[in-house]
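Below is one structure, written out as structure tokens, with a few remarks after it.
The values are calculated or read from the model by the stated rules, or taken from the named source; none is laboratory data. Note that the structure is predicted; figures quoted are calculated from it, not measured. Virtual Cβ from ideal backbone geometry, glycine too; neighbours counted across all protein chains shown.
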Amino acid sequence: DLLYATRVKQPGKLLQIPGSRFAQLLGLYRGLSYQRRHSKELTRQFEIPSKSQMVVVEGPGRHTIREQTVPQLKPNEVLIKVAFVHVCATDVDIANGASQPTHKSELQYPAVPGHAFSGIVLQKGVKVGNLSIGNKVIGEYSTGSVLQTGVYSDYLVKDAGSVHQLA
């Protein structure tokens, strides 16, 4: 990080590096701690939700929380109770109207921030063989534009092939 900030001649980034790396490490620690606290028995006690809330960026400086219906699972999908979401600096900049993405065609409001997530499988489709209810998982949103279809919500329905079980 230090070498990169020096090479691109952005000394302001040097001050951001320690805080950013600390936050990243703290998030990793908290995510793993959260995952350890939830056993399979506790997970089975969660009620399957009919609604989910998500953070939505309506435009620069305009943020809301929307409620949406949790879709029915397809045979190859899992329902995940989200524990933590990675929201990067680009998400924050776009939410505040401070910058534009590299490809302007990607930015369309409303946008849902967040790229990667961790959570617990609450339900699985009939064709899902690699995951079980109660599994601790991580994943990344990789379908379509991340700026439009992020993961900053409390429940996600994802294709089981794009979700990875934690040990």
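Here is how the numbers come out for the structure above:
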| item | result |
| --- | --- |
| Residue that is farthest from the chain's Cα centre (by Cα), among those in region 8-21 that are modelled with pLDDT under 80 and assigned to a helix (DSSP H, G or I) | Pro11 |
| Positions within region 147-156 being of a type outside the set (Asp, Glu) and either assigned to a loop (DSSP other than H, G, I, E, B) or modelled with pLDDT of 90 or more (or both), in sequence order | Leu147, Gln148, Thr149, Gly150, Val151, Tyr152 |
| Residue that is surrounded by the most Cβ atoms within 10 Å (Cβ to Cβ), among those in region 1-32 that are under 30 Å from Gly119 (Cα atoms) and small (Gly, Ala, Ser) | Gly31 |
| Residues within region 40-99 that are hydroxyl-bearing (Ser, Thr, Tyr) and modelled with pLDDT of 80 or more, tallied | 4 |
